[in-house]
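The values are calculated or read from the model by the stated rules, or taken from the named source; none is laboratory data. Computed from a predicted structure; not experimentally measured. Methodologically, a virtual Cβ is constructed for each residue, glycine included, from the backbone with ideal geometry; neighbour enumeration extends over all protein chains shown.
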Amino acid sequence: MRSRGCGNNQTSKIKYSKLKQIWYKKVISSYRKKRPIAVDLFAGAGGMTLGFEQAGFDVLASVEIDPIHCATHEFNFPLCSILCKDVAQLTGAEIRTKSAIGRREIDVVLGGSPCQGFSMMGKRDVDDPRNSLLFHFHRLVLELKPKFFVMENVPGIASGKHKELLNILISSFLKKGYQVEENYQVLNAVSYGVPQARKRLFLIGCKKKYELPKYPQPTTVLPKIRIPKRYKKVDLPAVPTVWDAIGDLPEVEQYSELLDRDWVMAEYGNYSNYASILRGIDRLDDDYSYDREYDRQILSCSSRTKHSLECMERFQAAKQGEKEPISRFYKLHPDGVCNTLRAGTDRARGAYTSPRPIHPIVPRCITVREAARLHSYPDWFRFHVTKWHGFRQVGNSVPPLLAKAVAAQIIGALGVQATKPNSQKLTWGDDSLLKLNWSEAEQYYLKSIPVTSELI
């Protein structure tokens, strides 16, 4: 966790990280034959990638246009080839040759294209050029010929004029020999162990010789204070609460170091079952992800925010579980769940802003690490060092536990037994990757030479 500046030294260290990545791929290639393989399109920082890895997939290639997201993805997934490119300019053949896939049969292609054109929070413009990415997903599925595909998006894609686009997409898959679950479902993350109300639509399809997977059944319900009367008899455990998720984390206001950097060696408090999993103290029986080697005393992704005294007074006065009237930020209730975490707005909307929730106890906005806990990211997973990019990466991603629930159904439909990788613990990539600004990250991926399948 040494602080490193940008420049030639940083570039050389990143190049070393690339060589280490190639070595990793060579070492474990012999262990990967029994694990099904996946490709993640529109990968972002890696929420879907992680969820599918936890379910027992090896995600060998991830595609993402945003170079900041790519750098974070590369840092956290040293065994995955990241292709920093627009899917509209990419072919299935390139994905195969610029990764370890080569000629191997792909089990599943997954992806969630940018949702701004469909989201109820935006303008919902049916002519938004980002909507065409749905059909590039369709094109790449046909070129890669996976056994299954999973497409994720906001529920708004199935309403109004956008539903016509979705129906066209489904019809196109049916004409090309894929079965599609036309009774697609909207899944809420709170139903799968995530302490956040976050709804996403999942469209699942497969080749005709396979059976369509079922949608995952809920495993958790809302905490008792939030359960509607009609659900109170449901015999399922309550989803972890906000305090279950973040209550053990060190209070960042006690560490002056976090004013200048995003990490510190810290003392943690008593932890819940949920927190013990994310800290790596315990492990779920159905977690088939690669072990990561990291120091559990490090509190990462926790840069402090300097709030004005007036702002802190407003945050303190706001009621838990309600919006603060001026900022409109939601103040978390310790015994409830988090509201949907959003990515924020960019420069085109006037400023780089992130609508971060207010901490339930301390009069401040939550940190990136606290947001990651509420999103079900484990503590070894790190994000860009800036708060804006970090929250953007969390808010744009699928909660890993939600992705894992869907992925487990694909594993079942494949008829294979999920297996844990037989390999040594993975270490992080070079942390210089998490400090790159946009232009530096862009230049890095322009100069990078992807690992080809011939290397393994």
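Scanning the stretch 357-382 for residues that are of a type in the set (K, R) and either surrounded by fewer than 24 Cβ atoms within 10 Å (Cβ to Cβ) or within 18 Å of D40 (Cα to Cα) (or both) returns a single hit, R364.
Taking (1) at pLDDT below 95; (2) within 21 Å of Q393 (Cα to Cα) in turn, E293 satisfies each apart from (2).
Of the strands (runs of 3 or more DSSP E) entirely within the stretch 158-232, those holding at least 3 residues that are modelled with pLDDT of 95 or more and not hydroxyl-bearing (S, T, Y) occupy 185-188, 199-207. Would the stretch 403-411 turn up any residue that is within 30 Å of L201 (Cα to Cα) and part of a loop (DSSP other than H, G, I, E, B)? No, every residue in the stretch 403-411 fails to be within 30 Å of L201 (Cα to Cα) and part of a loop (DSSP other than H, G, I, E, B). Within the stretch 47-72, being closer than 22 Å to Q443 by Cβ and either in a loop (DSSP other than H, G, I, E, B) or at pLDDT below 95 (or both) holds for I65, D66.
Let's see how each residue does on (1) touching a residue at least 60 places away in the same chain (Cβ under 8 Å); (2) of a type in the set (D, E); (3) over 28 Å from P155 (Cβ atoms):
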position	(1), (2), (3)
V252	yes, no, yes
Y274	yes, no, no
L278	yes, no, no
I281	no, no, yes
E293	yes, yes, yes
L332	yes, no, no
N339	yes, no, no
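Would the stretch 306-328 turn up any residue that is within 30 Å of S289 (Cα to Cα), modelled with pLDDT of 95 or more and not basic (K, R)? No, there is no match, as no residue in the stretch 306-328 is within 30 Å of S289 (Cα to Cα), modelled with pLDDT of 95 or more and not basic (K, R). Of the residues examined, S99 is one that is among the hydroxyl-bearing types (S, T, Y), in a loop (DSSP other than H, G, I, E, B) and closer than 22 Å to T419 by Cβ. The single condition from (1) outside any helix (DSSP H, G or I); (2) at pLDDT below 95; (3) of a type in the set (V, I, T) that I106 fails is (2).
For the stretch 375-411, the set of residues classified as among the aliphatic types (A, V, I, L, M) and within 16 Å of E53 (Cβ to Cβ) consists of V398, L401, L402, A403, A405, V406, A407, A408, I410, I411, listed by residue number. Select from the stretch 383-431 the residues that are surrounded by fewer than 24 Cβ atoms within 10 Å (Cβ to Cβ) and of a type in the set (S, T, N, Q) and list them in ascending order. Once the filter is applied, which keeps residues that are surrounded by fewer than 24 Cβ atoms within 10 Å (Cβ to Cβ) and of a type in the set (S, T, N, Q), the stretch 383-431 yields T386, N396, Q409, Q417, T419, N422, S423, Q424, T427.
Quickly run through the stretch 30-79 and pick out the residues that are among the aromatic types (F, W, Y), touching a residue at least 40 places away in the same chain (Cβ under 8 Å) and buried (at least 24 other Cβ atoms within 10 Å of the Cβ). I'd like the intermediate steps shown before the answer.
Step one: of the stretch 30-79, the residues among the aromatic types (F, W, Y) are 31, 42, 52, 57, 75, 77.
Keeping just the survivors that are touching a residue at least 40 places away in the same chain (Cβ under 8 Å) gives 31, 42, 52, 57, 75.
If the condition is that a residue be among the aromatic types (F, W, Y), touching a residue at least 40 places away in the same chain (Cβ under 8 Å) and buried (at least 24 other Cβ atoms within 10 Å of the Cβ), then F42, F52, F57, F75 are the ones that fit.
Only residues that are in contact (Cβ under 8 Å) with a residue 40 or more places away in the chain and more than 18 Å from G112 (Cβ to Cβ) were counted across the stretch 170-190, and they come to 1.
For the stretch 143-177, give me each residue that is over 20 Å from A408 (Cα atoms) and among the hydrophobic types (A, V, I, L, M, F, W, C). I'd like the intermediate steps shown before the answer.
Taking the stretch 143-177 as the starting set, the residues that turn out to be over 20 Å from A408 (Cα atoms) are 143-145, 154-177.
Scanning the stretch 143-177 gives L144, V154, I157, A158, L165, L166, I168, L169, I170, F173, L174.
Output the residues belonging to the stretch 303-326 that are part of a loop (DSSP other than H, G, I, E, B) and without any contact (Cβ under 8 Å) to a residue 24 or more places away in the chain. If the condition is that a residue be part of a loop (DSSP other than H, G, I, E, B) and without any contact (Cβ under 8 Å) to a residue 24 or more places away in the chain, then S308, K319, G321, E322, P325, I326 are the ones that fit.
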